[in-house]
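Scroll down for the structure; my scribbles are underneath it.
Bear in mind that the values in this text are calculations on the coordinates, not laboratory data. Bear in mind the structure is a predicted one, so any value in this text is a computation, not a measurement. No Cβ is skipped: glycine too gets one built from the backbone with ideal geometry, and neighbour counts run over all protein chains shown.
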C-alpha cells in the first residue's frame, strides 16, 4: 500500500515510521526535561514506559511489513540507490540495533532498581549515564532513519 507523504515513493508503513520518529524525539526530550528540570520522576517513568511499548509495537509491525512487502522496489529509482542508500541504511541499522539494546537494558534495570514510585537512589548515577547514551542513540537512529528515507524514497 502506498504511503501518504507527498513526493515520496515509500509504503504506508515506512511513512508511518518516519512520521512516528518525528514525534518520538520531542517526547523523549520532554521526558528528559521532566526528570532533569522538574524532578517529576513518576511522569518520566510513565512516558518512558509508553514510548518503549509504542516503539516495540511499531518496530514489530514495521519488521513484519518489510518481510511481507519489502522496500527495495520503492527505492530502486532513487538517484542514490547504488551509492548512498545502503551505506546510510547500514549506519542507521547500527544505531537502531544499539538503541533497542540500550533502551531494553535501561528500562529493565530501572524497573528492577528503582522503587515504585521512583525516587533517587544509589543506582541513579548509572541510570543517568546509560539513559543519556540511549537518548543520544535514539536521536542518531532518528536522524539516520530520516536520511535513509530521504535518499531512498524522496530523492
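Against the chain, whose longest principal axis comes from its Cα atoms, helix 124-149 is set at around 10 degrees.
The slack in the chain from residue 43 to residue 98, taken as 0.36 nm per residue of separation less the alpha-carbon distance, amounts to 17.3 nm.
Of 89, 68, 102, the residue with the greatest mean-square motion in the GNM of the chain, using alpha carbon springs below 10 Å, is 68. Between region 48-64 and region 94-150, the C-alpha centres lie 14 angstrom from each other. Considering only the Cα atoms of region 1-92, their convex hull presents on average a projected area of 7.3 nm².
Take every pair of alpha-carbon atoms less than 8 Å apart whose residues are at least six positions apart; their mean separation over the length of region 12-154 yields a relative contact order of 36 percent. Computed over the chain, the per-residue total of -39500 (n - 2.57) for DSSP H runs of n ≥ 4 gives a 222 nm mean residue ellipticity of -25500 deg cm²/dmol, rounded to 500. Among 108, 27, 85, the largest mean-square fluctuation in a Gaussian network model of the chain, built with springs joining Cα atoms closer than 10 Å, belongs to 108.
Sorted fewest first by neighbouring Cβ atoms within 10 angstrom, 46, 38 come out as 38, 46.
Relative to the longest principal axis of the Cα atoms of the chain, the long axis of helix 41-69 lies at roughly 20 degrees. Enclosing the Cα atoms of the chain in their convex hull gives a volume equal to 107 cubic angstrom per residue. In plain terms, the chain from residue 147 to residue 67 could stretch by 26.6 nm, reckoned as 0.36 nm per residue minus the Cα-Cα distance.
Would you mind checking the tilt of helix 85-113 against the longest principal axis of the Cα atoms of the chain, expressed as 0 to 90 degrees and rounded to 10? Compared with the principal axis, the helix lies near 20 degrees.
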